[in-house]
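This report refers to the structure that appears directly beneath it.
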Amino acid sequence: MNHEDYEKAANYWKEKDKQNVRMPEEQLKKAVDDYILANNTCTLATGFGEFVRCTPIEYIYHDGTFWMFSEGGEKFHALEHNKNVCIAIYDKYECFGKLKGMQVTGKAQIVEPFSEEYVVAAEFKKIPIEALKKLPQPMHLIRVVPVKVEFLNSDFKKEGYAGRQTKYF
């Protein structure tokens, strides 16, 4: 592939989205929230320079924000330098007519252990704060604030909308 071929491939969805039938904003927000809440595991992509990491991780979602407790791992190499992340949530592939998954672009923050936000997230996840305090080192809490969601859902076509919808926050 030459540069123009890469550019054409990279811009495929931007061009296609210009012609797509958009779902009303409130309906899309509900569909996005429902799908996120129906799941609890994602893939968190982080990167910095030549380093990239794609980590399967459990999440909780409340107040329009993703919260992920983590003991540690290489994702923190990238998070120190680059707060831009991507989350992927998806169903098992069955066939082309039953696609369902989303990509969430967002900004990550590391929440201070045992701060008010940390305690609220632990309570929401039903993790006793006293149990967290007994660990040899605190669990890290990653907070991801969504900036954009790209939601691919074949069911949208049954309602007369494009199968791919984009929501900006």
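Selection within segment 117-146: residues that are in contact with a Phe, Trp or Tyr (Cβ under 8 Å, 6 or more places away or on another chain) and β-branched (Val, Ile, Thr). The member of this set that is farthest from Asp63 (Cα to Cα) is Ile129. Checked against the criteria, Lys157 counts as surrounded by fewer than 17 Cβ atoms within 10 Å (Cβ to Cβ), without any contact (Cβ under 8 Å) to a residue 24 or more places away in the chain and closer than 30 Å to Met23 by Cβ. Of the residues in segment 89-98, at least one is among the acidic types (Asp, Glu) and under 18 Å from Asp33 (Cα atoms).
Looking at Ala88, Ala10, Ala45, Ala38, which one is within 23 Å of Lys167 (Cβ to Cβ), over 20 Å from the mean Cα position of the chain (by Cα) and of a type in the set (A, V, I, L, M, F, W, C)?
The match here is Ala10.
If you go through segment 64-75 one residue at a time, how many are surrounded by fewer than 16 Cβ atoms within 10 Å (Cβ to Cβ) and either under 20 Å from Leu132 (Cβ atoms) or not charged (D, E, K, R) (or both)? The total comes to 4. Filtered by the rule that a residue be assigned to a helix (DSSP H, G or I) and touching an Asp or Glu at 6+ places or on another chain (Cβ under 8 Å), segment 1-31 gives a lone residue, Trp13. Of all the criteria given as (1) modelled with pLDDT under 95; (2) under 27 Å from Gly106 (Cα atoms), the one not satisfied by Lys134 is (2). Across segment 145-165, the qualifying residues are those that are touching a helix residue (DSSP H, G or I) at 6+ places or on another chain (Cβ under 8 Å) and charged (D, E, K, R), and the one among them that is nearest to Pro24 (Cα to Cα) is Arg164.
The values are calculated or read from the model by the stated rules, or taken from the named source; none is laboratory data. Given the structure is predicted, the values throughout are model-derived calculations rather than measurements. Because the Cβ atoms are built from the backbone with ideal geometry, glycine has one as well, and the counts that use them run over all protein chains shown.
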